[in-house]
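One structure is given below, encoded as structure tokens.
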Amino acid sequence: MDYSHLISVEPGKRSGQPCIRGLRITVRDVLEYPAGGTTVGELLADFPEVTLADLRACLVHAAAQLPRPAA
């Protein structure tokens with residue numbers, strides 16, 4: 001599934017960092033919570049404007065930033 005429409009980059013918002021749907025919540029903000037031990041359920045409860053699809057979009061976006069190995 002294509003989640004790219006859920007991530008936006010606006011130069012004047014959050015210093016041009018990728019954000020969720022034009023909100024002021026960055027991909028980094030969202031990904032740091034589970035990395036720190038917060039469960040997905042806790043994250044979604046703490047940020048009611050973030051959906052499970054938004055979280056998936058953050059994961060897809062982050063993975064796309066990693067270099068692909070040369071075959």
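The values are calculated or read from the model by the stated rules, or taken from the named source; none is laboratory data. If you're wondering where the values come from, they're calculated on a predicted model, not measured in any experiment. Here the Cβ is made from the backbone with ideal geometry for all residues, glycine too, and neighbour counts use every protein chain on show.
Computed values, structure above
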read-out	value
Complete set of residues in segment 49-62 that are assigned to a loop (DSSP other than H, G, I, E, B) and buried (at least 18 other Cβ atoms within 10 Å of the Cβ)	V50
In segment 12-71, the residues that are hydroxyl-bearing (S, T, Y) and either touching a residue at least 60 places away in the same chain (Cβ under 8 Å) or touching a Cys at 6+ places or on another chain (Cβ under 6 Å) (or both)	T26
Residue that is modelled with the highest pLDDT [pool: residues in segment 17-40 that are at positive phi and out of contact with any strand residue (DSSP E or B) (no Cβ under 6 Å at 6 or more places or on another chain)]	G37
Those residues of segment 10-48 which are under 21 Å from A63 (Cβ atoms), within 12 Å of the chain's Cα centre (by Cα) and surrounded by fewer than 13 Cβ atoms within 10 Å (Cβ to Cβ), in sequence order	E32
